[in-house]
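Trainee: Let me begin by handing over the structure; questions about it come next.
Bear in mind these aren't lab numbers, they're just calculated from the coordinates by the rules spelled out. All of these numbers come straight from a predicted model, not from anything done at the bench. Cβ placement follows ideal geometry from the backbone for every residue including glycine, while neighbour counts extend to all protein chains displayed.
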Amino acid sequence: MSEQNGLPSHIAIIMDGNGRWASNRGLARVRGHIEGVKSVREITEECARRHIEQLTLYAFSSENWSRPRFEVAILMRLLRRYLIRELKTIMNNNIRFTVIGRIEGLPEDVQKEIATEIELSKNNTGMILCLALNYGGRTEIVDAARRLAQKVQEGKLRPEDINEETLKENMYTAGMRDPDLLIRTGGEMRVSNFLLWEISYTELWVTPVYWPDFRKEQLEEALRDYAARERRYGGILQ
Ligand code: IPE
Ligand code: IPE
Ligand code: MG
């Protein structure tokens with residue numbers, strides 16, 4: 001079964017609206033990112049407490065490099081600090097940490113913290129916390145196609161053996177279940193290149209609330225709405 005008691009097994013979140021949260025208060029955008037880290041902690045702990053199997057957070061997209069250099073630098077610094085500080089949250093909550101995206105494109109000190117976090121939490125048995133970093137949905141599909149082509153060239157795979165399953169096995173999300181619920185904060189009605197392959201039958205929930213204001217109560221509202229939905233996957237209810 002993919003769910004228990006109407007709860008989604010895998011929740012993915014596009015954490016948007018940090019900049020607007022700050023601008024509305026006359027603050028620099030970076031203050032929104034700093035405040036957003038508090039929401040990450042609260043939502044992570046709440047999902048772990050509710051025995052959600054996986055929480056995937058869109059933290060930095062492959063398109064976010066186009067932001068001013070200063071903002072990118074701050075985001076990378078915050079990310080590193082987050083990884084160091086949140087290790088306690090991860091270990092206290094028995095969380096297994098993982099990442100998706102082109103990690104090799106991140107600053108080396110960030111890559112190092114990621115590796116440490118993955119290693120230290122690898123035997124934890126609770127929720128999987130997956131950060132999407134330097135992540136792009138199209139790039140993910142391109143990378144999977146490349147891996148498959150490589151295998152065909154090496155004679156390890158025949159073109160006729162390529163199907164949805166083999167493609168999935170070559171995605172960053174290999175071995176993970178598809179998200180049941182995708183939450184986007186900040187009100188934009190778009191997916192911004194997030195998990196394009198994986199969300200084909202995911203339930204969407206968009207809230208105008210900016211990410212720094214998205215806390216337990218808002219999550220609960222999304223979960224309530226999700227529980228009342230009917231997932232048909234193209235079929236009809238018998
Ligand atoms: C989301 O908030 C955080 C990242 C994309 C890193 P934004 O920085 O996009 O905030 P808005 O959308 O400009 O308000
Ligand atoms: C999506 O937010 C990316 C992350 C939350 C990391 P963006 O702010 O980058 O998306 P757009 O620009 O509104 O599509
Ligand atoms: Mg945004």
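Trainee: If I filter region 184-218 down to residues being free of Cβ contacts under 8 Å to residues at least 24 places away in the same chain and in a loop (DSSP other than H, G, I, E, B), which single residue comes out as farthest from ligand 1 (Cβ to nearest atom)?
Mentor: SER200
Trainee: I'm trying to understand the selection: among the residues of region 153-187, which are touching a Pro at 6+ places or on another chain (Cβ under 6 Å) and within 16 Å of ligand 3 (Cβ to nearest atom)?
Mentor: Looking only at region 153-187, we keep the residues that are touching a Pro at 6+ places or on another chain (Cβ under 6 Å), and these are 180-181, 187.
GLY187 - this is the single residue of region 153-187 that is touching a Pro at 6+ places or on another chain (Cβ under 6 Å) and within 16 Å of ligand 3 (Cβ to nearest atom).
Trainee: Cβ-Cβ under 8 Å, sequence separation 6+ or interchain: first residue in region 8-22 and closer than 7 Å to TYR210 by Cα, partner among the small types (Gly, Ala, Ser) and surrounded by 24 or more Cβ atoms within 10 Å (Cβ to Cβ). Which pairs?
Mentor: ASN18/GLY36; TRP21/GLY36
Trainee: Now, a different point. For ALA48, work out the one condition from (1) aliphatic (A, V, I, L, M); (2) away from ligand 3 (no atom under 16 Å from the Cβ); (3) under 23 Å from VAL72 (Cβ atoms) it doesn't fulfil.
Mentor: The one condition ALA48 does not meet is (3).
Trainee: Also, I was wondering about something else. Go through region 32-64 and give me each residue that's closer than 19 Å to ARG138 by Cβ and either away from ligand 1 (no atom under 11 Å from the Cβ) or of a type in the set (Val, Ile, Thr) (or both).
Mentor: The first filter runs over region 32-64 and keeps only residues closer than 19 Å to ARG138 by Cβ, leaving 56, 58-64.
THR56, SER62, listed by residue number.
Trainee: Under 6 Å between Cβ atoms, at least 6 apart or on separate chains: pull out the pairs that start in region 94-105 with a residue that is at positive phi and end on any residue that is buried (at least 17 other Cβ atoms within 10 Å of the Cβ) and assigned to a strand (DSSP E or B).
Mentor: Cβ pairs passing all conditions: GLY101/ALA132; GLY101/LEU133; GLY101/ASN134; GLY101/TYR135.
Trainee: Among the residues of region 173-195, count how many are within 15 Å of ligand 2 (Cβ to nearest atom) and within 19 Å of ILE103 (Cβ to Cβ). Before the answer, list the steps.
Mentor: Pass one, region 173-195, residues within 15 Å of ligand 2 (Cβ to nearest atom): 179, 182-195.
Those left that are additionally within 19 Å of ILE103 (Cβ to Cβ): 193-195.
Final tally of qualifying residues: 3.
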